[in-house]
Amino acid sequence: MVRYDLIIVGAGPAGLSAAIIAAKQGVRTAVFDENERPGGQLFKQIHKFFGSREHRAKVRGFRIGEQLLEEARECGVEVHLNATVMGLYDKKEVLVMADGETHHFKADAIILATGARENFIPFAGWTLPGVMGAGAAQTMVNLHGVQPGSRVLMVGTGNVGLVVSYQLMQAGIQVEALIDAAPRVGGYGVHAAKLARLGVPFYLSHTIVKAEGTDKVTGAVIAQVDEKFQPIPGTEKHFDVDTICMAVGLSPMSELPAMAGCQMEDKGGAVPKVDACGETSIPGIFAAGDAAGIEEASSAMITGQIAGIAAARRLGYVDEEMFEAETDRLRASLQKLHEGMFSPQNRGRNDFTETDEGYPISQSLLHKGYMEDQEITRYPGAVSGKSGVHPVIECSQNIPCDPCQDACKFGCIRVGDEITRLPCVNEEAKCTGCGLCVASCSGQAIFLVDETYDEEHAAVTLPYEFLPYPQAGDKGVALGRDGREVCEAEVVSLKINKAMDQTALLTIKVPREMAMTARFFKKKEA
């Protein structure tokens, strides 16, 4: 039987973060993961993360996974893959299935970072091939390069449904619609807005009634729901789709702590009851990441670090002074992500009418997925009527994110110390038009506008992440925030460099009166 100081179950963001911080203190650490590659969900997350610099904001998920793996290797962490932890027993004994054989390991401390599984809701035809979790579709597209279908109906408008829908569109798949039984979009408005300007419609207060087909999905029927979330007869709508993706929440994978006898509690699913350091009711057994409660990956990395340093203290590798300093730092960092209207304590609330600063929240954004043109300039980041190039920031919710502030070296954009504050444009600063703020925005909510490009036209620089890239001189149409064609447009330039991390800056020329309306470009078919 092989013995370690610390065994971590799960090589996702929480598990790897825990392993790194513990190993840096000299703890002999092993990580077991049932998958063939480490990184958990990170390697299928091609979008840029939110948060601040300390949370690895504006870095794409798979790059964060690469960074964590490199750090783990440098620290001497042993990562065992294709290794399924089958049991957790008395005296912290772990049973692992690997290479067709069972192996026993022991440790003085255990961290459970097993993650979560996708939820499903039953409906007529839900077992047909073509009905799948949104995460499964994301895995197929981003890890294996396989399209799950050509026309998708997405069920659920939380961040998972919004982000995966956009990535399916990037892979050349048409998302016919997003639906949600809730009366408003559940995820970040900036994620919804990306889809709306591509022309994807939102059906709120709707549920799926059935999947059509005999041996595979050939269509889907949805219906409006009443206040008790029951389908209303006569409101059915049909979609010609071959894939139905379910993004209806996640449930923590909590079998191991339950097996070990940890005290459990209900947090949208059974999870072990933990203290401020992630330690369960059994001394020396910790839980981190989604295994202790569903949150974003950025939070999972921090809770993993807290559990890792707490385990190192329990094992005698860290003194109390260092432990207190590290946990104070980490908790302060976590608190930044736990502020604003999307904080864990506000989960499930739908009664917000104003931002923290007192600006009215766009009801169109909540119910349609986009802000109306006349709503934009009520927010401090959306300035119009200026001569020369300037940023227009269409960020209207208190999301924990501030890379735009760091991106501008000339102080054009200000967020402040509270990263959930709405970004403001400093009209006294001079914008150089470099576009780094556009590329750094994880929500693709920043545009550069030159309302005086020439006597008749304005220039709009927008983030663009679709292949093939348009080229200078290409003619097409500009789309508005709702995805409708608003005017003719011509590509002025396309700029991309390493610092932009695959977000191209596409500058289009539109009639002057469309400067604050044109938000996407569609090339004319040859």
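The values are calculated or read from the model by the stated rules, or taken from the named source; none is laboratory data. All figures in this text were calculated on a predicted structure; none of them were measured in a lab. Methodologically, a virtual Cβ is constructed for each residue, glycine included, from the backbone with ideal geometry; neighbour enumeration extends over all protein chains shown. Quick note on the areas: whole protein, heavy atoms, side chains included, nothing else; ligands and nucleic acids left out. Shrake-Rupley method; radii C 1.70, N 1.55, O 1.52, S 1.80 Å.
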I'd like the accessible area for Arg56, computed on protein heavy atoms only with a 1.4 Å probe and all protein chains in place. Round to 10 Å², please.
60 Å²
Length released on extending from Glu265 to Gln174, taking residue separation times 0.36 nm less the Cα-Cα span:
28.7 nm
Return the long-range amide H neighbours of Ala177 (sequence gap of 5 or more, or a different chain), with a cut-off of under 5 Å between placed amide H atoms.
Met154
Report, please, the projected area of the stretch 327-443 averaged over directions, based on the convex hull of its C-alpha atoms, in nm².
8.4 nm²
I'm checking a number: the convex hull volume of the Cα atoms of the stretch 466-526, normalised per residue, in Å³. What is it?
94 Å³
Enumerate the amide H contacts of Ala382 below 5 Å, restricted to partners 5 or more residues apart or on another chain; note that Pro and chain-start residues carry no placed amide H.
Ile393
What number in nm² do you get for the stretch 139-198 if you take the convex hull of its Cα atoms and divide its surface by four?
3.8 nm²
Using modelled amide H (1.01 Å from N, peptide plane; none on Pro or chain starts), what sits under 5 Å from the amide H of Arg28, excluding residues fewer than 5 places away?
Asp5, Leu6
With a probe of 1.4 Å, find how much accessible area the chain has per residue, and write the answer as a whole number in Å².
42 Å²
Which value at 222 nm does the chain reach when only helices count, each DSSP H run of 4 or more adding -39,500 (n - 2.57), with the total divided by all residues and rounded to the nearest 500 deg cm²/dmol?
-6500 deg cm²/dmol
In the structure shown, do any of Lys194/Lys368; Lys48/Lys237; Lys58/Lys475 have a Cα-Cα gap over 23 Å, and if so which?
Lys48/Lys237; Lys58/Lys475
For a Förster distance of 35 Å, can you work out the FRET efficiency between the beta-carbons of Glu101 and Lys522, rounded to the nearest 0.05?
0.05
In Å, what Rg and Dmax follow from the Cα atoms of the stretch 1-61?
13.6, 43
Where the Cα atoms of the chain are projected onto their three principal axes, how long is each span, largest first, in whole Å?
77, 59, 42
Heavy-atom SASA rank of Thr503, Thr218 (probe 1.4 Å, accessible area, largest first)
Thr218, Thr503
Between Val271, Val415, Gln174, whose Cα lies farthest towards the positive end of the dipole of the chain when Lys and Arg beta carbons carry +1 and Asp and Glu beta carbons carry -1, centred on the Cα centre?
Gln174
Stokes-Einstein at 37 °C, 0.692 mPa s, Kirkwood radius from Cα pairs: D for the stretch 266-386 in µm² s⁻¹?
189 µm²/s
Quote the accessible area belonging to Tyr453 in square angstrom, nearest 10, computed with a 1.4 Å probe and with ligands, DNA and RNA left uncounted.
100 Å²
Whole-Å semi-axes of the ellipsoid equivalent to the stretch 57-208 (Cα gyration tensor, √5λ, descending):
37, 20, 16
Taking the full set of protein chains and a 1.4 angstrom probe, give the accessible area of Ser254 in square angstrom, rounded to the nearest 10.
20 Å²
Enumerate the calculated ³J(HN,Hα) couplings along the stretch 84-94 in order (Karplus 6.51 cos²θ - 1.76 cosθ + 1.60, θ = phi - 60°), each rounded to whole Hz, writing x wherever the residue is Gly or Pro.
8, 7, 8, x, 10, 10, 3, 6, 6, 8, 10
Once you put a point 7 Å from the Cα of Arg329 and another 7 Å from the Cα of Gln363, both along the Cβ direction, what distance in nm separates them?
4.8 nm
Based on the Cβ-Cβ distance of Arg37 and Arg349, what FRET efficiency does E = 1/(1 + (r/R0)^6) give at R0 = 30 Å, to the nearest 0.05?
0.20
In order through the stretch 105-120: 3J(HN,Hα) via Karplus (6.51 cos²θ - 1.76 cosθ + 1.60), integer Hz, x for Gly, Pro
10, 9, 8, 8, 8, 10, 10, 9, 10, 7, x, 9, 10, 6, 8, 9
Taking all protein chains as present, what is the carbon and sulfur share of the accessible area of the chain, in % to the nearest whole number, probe 1.4 Å?
49 percent
Would you kindly state how much longer the chain becomes between Ile496 and His144 on full extension, computed as 0.36 nm times their sequence separation minus their alpha carbon distance, in nm to one decimal?
124.1 nm
